[in-house]
Amino acid sequence: MKLQGLAVMFIIIILPISMVLASYTETRVETLRLQISYDEKLDSATADAISAFQINTYNGDESIFANYKMEDIQAAVSTFYNSMRTNFSMGGYNNRDIEDFVPALVFIMYDGYYIYSPYQNTWDEETINETKRFVQNGGMASYDGGTTTDYNRESLYGLKPYVYYSCRYVNGSADVVITYALDNYVSIKGKIGNEVVDKSGYLLSDVQLNNNIITYRGNAITAENYRETVIVDGQIKNLPCRKINGTKYYYDESTGQTFHFFNNQKTVDTLLTFDVVQNSNAVEYYQQAIELKNYINSHPDLKNLSTRNAVDEDGNSLENEFGNYDIFEELFDGTIEDEDSLFNSHRLDVIKYSVERNLSVAITNYNNYSTATTNFQMPQLKDYEWDQISNNISMISFLQGLPIGAKIYNGYSIVSNNKNAEYVSEDSIYILTSDNVYHNVKDSDLYDGSENISGAVGYYNINFERKSAYDTSGIRNYYYPVENATGCYNSIVNRRDVSDDKISDMLNGTGELARVYYTALGRERYGQYRASNNTNYTTSIGDDVTENDLKINATVTYNDIQSEATVTLTITGDGADTAIISYDNVPGLERINDTTYRCTQNGQYTFRVQSADGTQNVSRTVNINAIYSNEDFVKYNVKPGDYIRYEVPSNAISILSNESGYENTQVINTQNYSSGSWQVLYNDTEHGYGLQIISTRDVTNGNGLYLRGQSGYNNSVSILNTIASQFVNSTYAEWGRGLGLNPANPVDTPNNAELLWGGDSGCKDYDSNYTQDLTQLRSYGLLRDSTDVWLASRNYDAQFENGEGYHRWSVRAFSISGTEEDKMIFEQNYNDSNQEKTERAGVRPVIKLRDNIRIVSGDGTISNPYVISM
Amino acid sequence: MGDTVIVIIVIALSVVLMFVFPLMTMADRTDDIAQLTIETATSDFVNSIVVKGKITPEDYQSFLQTITSTGNTYDVEIEVQVLDENPGKKTTQTDRTTIGENEYYIITTSQVLDVIDPDGGTPKSYGLKEGDFVFVRIKNTNQTLAQQLKNFFYTVVGNDTYSQSTEKGAMVKATGK
């Protein structure tokens, strides 16, 4: 064959092969490029979400409370989906199109985590029936926009209940659950023998108490005069400040008032049990650590707790998961706070076990909800990623099922945030030196003599972020809690001089710098919000000379209504079993048994313990200062939103057609709401409102109240007042009113309105009385109901042009979403062609309780409402 | 004579078709894969920086190893834009109704390498903080086989004669510990 023939044959063979290879390579290249692109989009959306969470937490007073935290997380979720839709150029689509490919979002919080994923909404019978009646009576269609009457078992996306980083342990007589956190804070609950355990605090090894001086790593910790800048009453002031259980309390030296902010409103405090000017948070932080350490030491079954004692919810051992070593050994022999301690290793294991287990279930179950054809599975996270998750507030997002050419995308993103109000890490404390420059604690300039440490103060890093408030002119002003401070260019702005060494090693032997740092760390950590925080109710523990000496510790617990306190003594040390306990027999103190006493008055009570041989004598003086009279308790502790158990009288009222304008007589029976709940709407003597409560939901059992035409419009306020009066239990209440009237003066508008074209309309004038009630409902989260609700307030709309026009008369309501709405029920036209319309909404009456009402029990929560008496 | 010329031309064409064409095709594919490798490596490197909040010597060395495994040599530029909030703070502290503007200043490759890969010193991490930006750009400095083969037919002149390059940048999400 000629050469050219060979060449042609070669080309015929090789060309297709090379073309196919090129196409295949190009496909793989494009697939990987698309994967990188999707990774970047997912990272970007996750970073946006965690930034939204960060901004909300340190700009809101309420972020510390569980329900507000959930709102902050919901906002972060919305930000995530908005960002995803933008990144994928799906701005016109709703979240559901993206949610099909996002099996779960995980929010790693300080002591637990939330998972955002779909679930089946299961309603009880009452809710199903009420909703069916509501829809059949013309209410809103079901959530999916269809006409199905099966509202139960609907798939919804939402936050699953908070899961703590908990593990149960059983060792001898100890059966406890230990909840861990991102640092060395633990909460121990359970039983040791017959003793109920409820202890929490930080595990610190090298903390000592000698001669009433607390030292940590050799540094003496004392109370301090801590100040922050705040805008109050329109003025910027630098005031003494103390943070307790997540709330900052300020003392205004010019007015002598102590106050805090809630919902951006200044709230004056008159019955605080702690000193704001002398901030002893750091002292109490280390005291609590000593208490916890002593408690663990005095209970051998707890002290010797090992990882092999861990069990799951069915009591099966988790030894294979967590290995075999003592959890608290380093508390007494080592440095339990260190990153490489066995305690820290076990903490990471518990967090990983819990998150991995629940996340796997959530992602696998997602196959039942998504319309995508992918089989969703939990990806394998790497060790350094678990390390990142277990040491920072983080968000984990998953994106699976998107086709990217040659394969299906399966990716995840982990973004951490270390500047938020949730978690005080060791790196969160900045040192402000006397030249008003703040430094990272690992700044080399602090250790080589370049900076003057004298007068330095440690601050939480979020206190260097900008905040805002309104001045007396109503103009927004910006300020910093730590004013006139700028960041160091070596360690804050540019971090090149920040050392890689451990903070504890760097601070060792530095004297004043270590004292400043550890005081600030203790102050900020002690002030953090804890859901089960009982730090306000523990007394000081006093002297603690040696481990084996006879010691007396006292814990004080107040009842829910703070009408009495229980003092529980714990005697430890040599001779504790045979020690003789005595006390001063003073009014207000009642002995229950040798170690338990009831106090019914504020004051100081002294308890003494003597060893049987008389060689040791110790005493403890307990200061009780938080017992309130009931009047004071009702006045200062009962807040809007609190639940009250209110007995509804048995009444029924018929609303006739000529009153409501509706074609049928409507019967309102109070017994339909006999088991319904009530919440405080106002507790305000300053404006004369008194204690007013509101039904949590519509009292008409889903039937609603119909209003129609001019009659319905004019009589709307009197009808709502009449209905409310049926719910007045004269034993506890003075009067009832319709929601939306002036809380201090609930009377109807007397005047009739004139028409635009002259003449009496025959309709009552409009009013704006509703604003106070609606603002109050919004401020305290009392808006939510499954139906629109009437307001006893009227509005109208009029137009007149070229000699023609109309008046439209409306009764106000607020909708399910909480927005104000005008329900137009009567229209008057210039040519007398009037029109009538029927509207329906629910009724939530407001009841004014008597001024001398008493609270006898309860804590105001939905599960334990206040019980009232006369 | 005419036949001889035609034969020579045919032989030349055959050599080109049977040897040079497949070689050029495979060299181009190799360049494509190298380009993808450096894009992936750069994306991973930048991502690890913004998540950790620091440029560690280990990440940097691993990044260099990955990109040089393609068989090419690269010029790596790292640029950090450091957020300076102090000017904004001073403005706000002077006029409380105004939010001051923050500034950024640039840290170049040599300044970063002085910390993470110093001559004769101990390498340590270059710390960054939330809000800083980091950019990584790489370009190949050698001539790849595909470039050399193409140079038989045409020569690209000028300062930048690289065939592979990529640039990635992102904002740092968390302050490095």
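The values are calculated or read from the model by the stated rules, or taken from the named source; none is laboratory data. Remember, it's a predicted structure, so these values are computed and weren't measured experimentally. Cβ sites come from the backbone with ideal geometry, for glycine too, and all protein chains shown count toward neighbours. Areas reflect the complete protein model, heavy atoms only, side chains present, ligands, DNA and RNA absent. Shrake-Rupley method; radii C 1.70, N 1.55, O 1.52, S 1.80 Å.
Structure data summary
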| item | result |
| --- | --- |
| FRET E, pair A:Asn745, A:Phe262, Förster distance 25 Å, beta-carbon r, rounded to 0.05 | 0.40 |
| Kyte-Doolittle at least 1.0, axis length at least 18 Å by Cα - qualifying DSSP helices, chain B | B:2-15 |
| Peptides ranked, highest mean first, by Cβ atoms within 10 Å: ranges A:163-169, B:106-112, A:742-748, A:838-844 | A:838-844, A:163-169, A:742-748, B:106-112 |
| Candidates per chymotrypsin sites (Phe, Trp or Tyr not before Pro) in the range A:372-453, loop by DSSP, up to 16 other Cβ within 10 Å | A:Tyr447 |
| Pairs of alpha carbons in the range B:18-65 whose separation is greater than 13 Å (percent) | 63 percent |
| Set A:Lys189/A:Lys303; A:Lys69/A:Lys248; A:Lys442/B:Lys90 screened for pairs whose C-alpha atoms are more than 19 Å apart | A:Lys442/B:Lys90 |
| Cut-off under 5 Å, modelled amide H: who pairs with A:Glu734 long-range | A:Lys848, A:Leu849, A:Arg850 |
| Distance in nm between pseudo-label sites at B:Leu145 and A:Thr335 (7 Å out along the Cβ direction from Cα) | 5.5 nm |
| Relative contact order, percent, the range A:156-231 [alpha-carbon distance under 8 Å, six or more residues apart] | 15 percent |
| Net charge, A:Ser416 excluded, C-beta distance under 11 Å - Lys, Arg +1, Asp, Glu -1 | +1 |
| Three semi-axes of the equivalent ellipsoid, the protein assembly as shown, Cα gyration tensor, whole Å, largest first | 59, 47, 29 |
| Relative packing of peptides A:256-262, A:283-289, A:650-656 - highest average C-beta neighbours within 10 Å first | A:283-289, A:256-262, A:650-656 |
| R0 of 51 Å, Cβ-Cβ distance B:Ala12-B:Lys124: FRET efficiency to nearest 0.05 | 0.30 |
| Descending Cα extents along the principal axes, the range A:365-491, whole Å | 64, 48, 26 |
| Compactness of chain B, expressed as Rg and Dmax over alpha-carbon positions, Å | 24.3, 95 |
| Alpha carbon Rg of the range A:196-294, scaled by the compact-globule rule 2.2 N^0.38 Å | 1.29 |
| Amide H contacts of A:Gln616 (H built 1.01 Å from N, under 5 Å, at least 5 apart or other chain) | A:Ser611 |
| Among A:109-116, B:60-67, the order from most to least packed when residues are scored by Cβ within 10 Å on average | A:109-116, B:60-67 |
| Simple spin-label estimate for A:Met70 and A:Ser345 in nanometres, 7 Å along Cα-Cβ | 3.9 nm |
| Rel. contact order, % - alpha carbon contacts under 8 angstrom, at least six apart, chain A | 9 percent |
| Percent accessible area from carbon and sulfur atoms, the range A:277-351, protein chains only, probe 1.4 Å | 36 percent |
| Projected-area average for the range A:455-507 over all orientations - Cα convex hull basis, square nanometres | 5.4 nm² |
| Whole-percent carbon and sulfur share, accessible surface of the range A:356-432, 1.4 Å | 44 percent |
| Cα-projected label distance for A:Ile14 with A:Thr615, points at 7 Å along beta-carbon direction, nm | 10.3 nm |
| Within the accessible area of the range A:654-693 (1.4 Å probe), percent carbon and sulfur | 39 percent |
| Overall form of the range A:659-793 per C-alpha gyration tensor (a/c, 1.5; a/b vs b/c) | oblate |
| All-pairs alpha carbon distance profile, the range A:715-870, 5 Å steps from 0, percent | 2, 8, 15, 17, 17, 14, 10, 6, 4, 3, 2, 1, 0, 0 |
| Residue-averaged beta-carbon neighbours from other chains (10 angstrom radius) around A:26-38 | 3 |
| Per-pair calculated FRET efficiency, R0 = 45 Å: A:Arg357 and A:Ser857 via Cβ, rounded to 0.05 | 0.70 |
| DSSP bridge orientation in the protein assembly as shown - percent antiparallel, rounded to nearest 5 | 95 percent |
| Mean separation of Cα contacts under 8 Å (6+ apart) over length of the range A:602-723, as relative contact order % | 21 percent |
| Expected 222 nm ellipticity per residue - DSSP helices of 4 or more, -39500 (n - 2.57), all of chain A, to 500 | -8000 deg cm²/dmol |
| Debye log10 I(q)/I(0) at q = 0.15, 0.16, 0.18, 0.29 Å⁻¹ for the range A:770-826, Cα point scatterers | -0.50, -0.55, -0.64, -1.15 |
| Protein accessible surface hidden between A and B, which excludes ligands and nucleic acids, total in Å², probe 1.4 Å | 4400 Å² |
| Contour minus Cα-Cα distance for A:Ser582 and A:Ser650 (0.36 nm per residue) | 19.0 nm |
| Normalised alpha carbon radius of gyration of the range A:227-279 [divisor 2.2 N^0.38 Å] | 1.02 |
| The protein assembly as shown - accessible surface per residue (Å², probe 1.4 Å) | 45 Å² |
| In sequence order, calculated HN-Hα J values of the range A:474-489 (Karplus, 6.51, -1.76, 1.60; Hz; x Gly/Pro) | x, 9, 5, 10, 10, 8, 10, x, 10, 7, 6, 10, 10, x, 5, 7 |
| Residue-averaged beta-carbon neighbours from other chains (10 angstrom radius) around B:100-113 | 1 |
| Neighbouring partner chain Cβ atoms per residue of B:20-33, average, 10 Å criterion | 3 |
| Neighbourhood charge, 11 Å Cβ-Cβ cut-off, centred on A:Val867 and excluding it, Lys, Arg +1 and Asp, Glu -1 | -1 |
| In Å², nearest 10: area of A:Arg133 left accessible to a 1.4 Å probe | 80 Å² |
